[in-house]
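Peer 1: Before I ask anything, let me first share the structure, which is written out below as structure tokens.
The values are calculated or read from the model by the stated rules, or taken from the named source; none is laboratory data. Worth saying up front: this structure is predicted, and the values here are computed from it rather than measured. Quick reminder, even Gly has a Cβ in these numbers, built from the backbone with ideal geometry, and neighbours come from all protein chains shown. Side chains included, ligands, DNA and RNA excluded: accessible areas come from the protein's heavy atoms. Shrake-Rupley method; radii C 1.70, N 1.55, O 1.52, S 1.80 Å.
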Amino acid sequence: MRIDQILPTSRPCFSFEFFPPKTPEGQSSLEHALSELKNDSPDYVSVTYGAGGTTRERTVEVTKWIKEDVGLEAMAHLSCVGEPVERLREILDELGAAGIDNVLALRGDPPRGQAEWVPHPSGLNYSVELIELIRSNYDYCIGAACFPEVHPEAPNLEHDLQYLKRKVDAGASFLITQLFFDNQMYYDFVEAARAHDIDVPIIAGIMPITNFEQIKRFTDMCGASIPDRLYEQLEAHHDADDPEAVMNVGVAYAALQCADLLARGAPGIHFYTLNKSPATRAILSALKAARPWERAPASAPAQLNRTT
């Protein structure tokens, strides 16, 4: 089922992101996480393309497996990294033959060890070109990424939003944010996007913190920030050599963050699971018990509720 058909009827929409494993142990971990999280009835799951396109073959394989064997709606990530247009078409043909309806179109990060983005000589340079390729030749529902704290390579928010508008005009029917930890950044970003006539749903991307050093690496790579008071709490428990307390703080914070987003009308939450289930399951269970979205109609800004 297409995500642009799911979003208007599943309010809120919950989705999970996984990455293709590279080892048998990783595959076992993914299978366990999926078996657990399937019980939470996600609206869809997505499968990443790997840093620098390193897992491109496994992305197709895992997405097909989730759709056909696990029985969950699946979206494949697709990036321009290291691929000629001919190969991008082959991947899209293969996904279509497997019954995949949804693609997240990305430019992608430079391959590991490469400081700057360099397109394939016979490839594409920008995600908007990939969106145009898909829209012109296929019938996929297309998603795209957005950045509440501005894309690391964008000179400013205005430039970033102008480019985001091009993605939507080219055919992206929904957006998923980069991870963030300050909800006000999301609200301000959505308001600015609406002012630029970007009317598609903007789904909040949330990563529950379970490891202090890991989240510092992630935020350094993607340009996201951790609020000072949250950082202080995480650092104190990390310095005390208490990883369980770090995880407890991270999960509790993410639950509060998601509850506030849903109470104020965010159309959905996309969980960056890191192929693990306990943190995401705990947060989702708390949300389903509290049902903060039932408070949204009276208090939510109208721009957060847009689905078209």
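Peer 1: Being modelled with pLDDT of 90 or more and in contact with a strand residue (DSSP E or B) (Cβ under 7 Å, 6 or more places away or on another chain) is the filter; apply it to the stretch 93-111 and report the residue that is surrounded by the most Cβ atoms within 10 Å (Cβ to Cβ).
Peer 2: Top of the filtered list is Ala105.
Peer 1: Looking only at the stretch 3-21, decide whether some residue is surrounded by fewer than 16 Cβ atoms within 10 Å (Cβ to Cβ), without any contact (Cβ under 8 Å) to a residue 24 or more places away in the chain and outside any loop (DSSP other than H, G, I, E, B).
Peer 2: No, the conditions are met nowhere in the stretch 3-21.
Peer 1: Moving on. Considering only residues that are part of a helix (DSSP H, G or I), under 18 Å from Pro119 (Cβ atoms) and not aliphatic (A, V, I, L, M), which ones fall in the stretch 69-89?
Peer 2: Glu86, Arg87, Arg89
Peer 1: Say whether the condition of being part of a loop (DSSP other than H, G, I, E, B), at pLDDT 85 or above and surrounded by fewer than 18 Cβ atoms within 10 Å (Cβ to Cβ) is met by at least one residue in the stretch 134-151.
Peer 2: yes
Peer 1: Out of the residues in the stretch 223-257 meeting the condition of being open to solvent by less than 20 Å² (accessible area, probe 1.4 Å) and in a helix (DSSP H, G or I), tell me which one is farthest from Met185 (Cα to Cα).
Peer 2: Per the stated criteria, the residue is Ala245.
Yes or no, residue by residue, for (1) touching a helix residue (DSSP H, G or I) at 6+ places or on another chain (Cβ under 7 Å); (2) free of Cβ contacts under 8 Å to residues at least 12 places away in the same chain; (3) under 24 Å from Arg11 (Cα atoms); (4) among the aliphatic types (A, V, I, L, M):
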{"residue": "Leu106", "(1), (2), (3), (4)": "yes, no, no, yes"}
{"residue": "Pro121", "(1), (2), (3), (4)": "no, no, no, no"}
{"residue": "Val190", "(1), (2), (3), (4)": "yes, no, yes, yes"}
{"residue": "His196", "(1), (2), (3), (4)": "yes, no, no, no"}
{"residue": "Pro201", "(1), (2), (3), (4)": "no, no, yes, no"}
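Peer 1: Could you go through the stretch 141-157 and let me know if any residue there is touching a residue at least 40 places away in the same chain (Cβ under 8 Å) and among the acidic types (Asp, Glu).
Peer 2: yes
Peer 1: Scan (1) open to solvent by 20 Å² or more (accessible area, probe 1.4 Å); (2) part of a helix (DSSP H, G or I) for the single condition Ile66 breaks and write down its number.
Peer 2: Of (1) open to solvent by 20 Å² or more (accessible area, probe 1.4 Å); (2) part of a helix (DSSP H, G or I), only one is false for Ile66: (1).
Peer 1: Out of (1) over 21 Å from Ser28 (Cα atoms); (2) open to solvent by less than 10 Å² (accessible area, probe 1.4 Å), the odd one out for Ala74 is which?
Peer 2: Only one criterion in (1) over 21 Å from Ser28 (Cα atoms); (2) open to solvent by less than 10 Å² (accessible area, probe 1.4 Å) is unmet by Ala74, namely (1).
Peer 1: Tell me yes or no: at least one residue of the stretch 212-220 is without any contact (Cβ under 8 Å) to a residue 40 or more places away in the chain, at positive phi and over 18 Å from the mean Cα position of the chain (by Cα).
Peer 2: No: the stretch 212-220 contains no residue that is without any contact (Cβ under 8 Å) to a residue 40 or more places away in the chain, at positive phi and over 18 Å from the mean Cα position of the chain (by Cα).
Peer 1: When you go through Ala154, Ala172 one by one, which is the residue that is part of a loop (DSSP other than H, G, I, E, B), surrounded by fewer than 19 Cβ atoms within 10 Å (Cβ to Cβ) and touching a helix residue (DSSP H, G or I) at 6+ places or on another chain (Cβ under 9 Å)?
Peer 2: Only one candidate qualifies: Ala154.
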